[in-house]
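Enquirer: What follows is a structure written as structure tokens; I'll ask about it next.
The values are calculated or read from the model by the stated rules, or taken from the named source; none is laboratory data. For clarity, every value in this text was computed on a predicted model and none was experimentally measured. Please note: Cβ atoms are built from the backbone with ideal geometry, for glycine as well, and neighbour counts cover all protein chains shown.
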């Protein structure tokens, strides 16, 4: 029995040894076919496309500003062309109602201002039609960049995150609704300007300032409640930082030279902007001092209050110059004023206030942190004072429209 089992085992092993060489090509062919099928499946199944990178915050803020501006423009256009329906009211009833929005000069002025701002907010090569179609789609909120560890005051914020697209809320259909929406948009633009990149920060600050000023003008022109149009100025604190010996000793000679050159160039740009603000404020103070004896009544009282404000602004600009390690320009004894200033001092003060707008716009673009917040607040204040003296700061206060890239008409 044992011998028979051994013989069987030997026979089966011999059969397998004889059969395996003959089957080897078949096994190899099957393996090759399997590899071909797997490779074809990998090729035929498309790879998952990578998710698009999130655009920078400055681009999101620009897109949000353009979308909301186009919405406001659409609402203003509809409000300005709306026909008055319904029966005519008696004179006693119509006297208690605000002026009609249709054909109102303040509404027309709002539409013109928003049209200019929408053109300024277009990206290079972007058409108004494409921007309008994009604004019609609702997008998610933009996320502000995480603040770097710093002793600077955090950027100001308003309720609600900045939206990269149009808001889902319906268009305002009344003058009061348009005033509220215009003021809300202006505050959001100023909040975004506090954390956006330099040039975009200046554009957003300019748009936000004009929208807040126009919201007040529209409220006055239509008899609606005026919105709050103030921005809190930060409390300035700190000293000029001194270089640490450890960081200088660790860096190589070439690295230290390049780092010092980069810091020097940035400091000179910021220092130049601060120096321009100091000189502008000193000249404005001189103008108020000359105008005060030539004004009377409420104008004299208003000028005295504004003179005190400019004294504080000059002190703030000088403090910021020292905080940013920049030289403070010396104050001059006097400045040259034109004959028209002496003839019409109120209009001359309005021109001085408007002259300060580009200086503050430069400071917004070249600064950051509490310095930029201070500049944004001062930009809005200068625009308000210019309006109070009867000077139009324009649709883009603090920004020369000629410096913007040309955009297609339409």
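Enquirer: Taking into account only those residues within region 19-57 that are modelled with pLDDT under 65 and part of a loop (DSSP other than H, G, I, E, B), which is surrounded by the most Cβ atoms within 10 Å (Cβ to Cβ)?
Expert: For region 19-57, the residue satisfying everything is 45.
Enquirer: Moving on. So, residue 196, is that one surrounded by 23 or more Cβ atoms within 10 Å (Cβ to Cβ), outside any helix (DSSP H, G or I), at negative phi and outside the structural domain of residue 384 (by TED's automatic domain parsing) or not?
Expert: Here the answer is yes, as residue 196 does meet what is asked.
Enquirer: Regarding region 281-292, can at least one residue be identified that is surrounded by fewer than 14 Cβ atoms within 10 Å (Cβ to Cβ) and either modelled with pLDDT of 95 or more or in contact with a strand residue (DSSP E or B) (Cβ under 8 Å, 6 or more places away or on another chain) (or both)?
Expert: yes
Enquirer: Pull up region 165-201, narrow it to residues that are modelled with pLDDT under 50 and touching a strand residue (DSSP E or B) at 6+ places or on another chain (Cβ under 7 Å), then point me to the one that is nearest to residue 75 (Cα to Cα).
Expert: Filtering region 165-201 for residues that are modelled with pLDDT under 50 and touching a strand residue (DSSP E or B) at 6+ places or on another chain (Cβ under 7 Å), the one nearest to residue 75 (Cα to Cα) comes out as 166.
Enquirer: Picking from 398, 381, 390, 369, which residue would you name as being modelled with pLDDT of 95 or more and buried (at least 16 other Cβ atoms within 10 Å of the Cβ)?
Expert: None of the others qualify; the one that does is 381.
Table: residues versus (1) within 28 Å of residue 236 (Cα to Cα); (2) without any contact (Cβ under 8 Å) to a residue 12 or more places away in the chain; (3) more than 33 Å from the chain's Cα centre (by Cα).
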| residue | (1), (2), (3) |
| --- | --- |
| 318 | yes, no, no |
| 338 | no, yes, yes |
| 343 | no, yes, yes |
| 346 | no, no, no |
| 350 | yes, no, no |
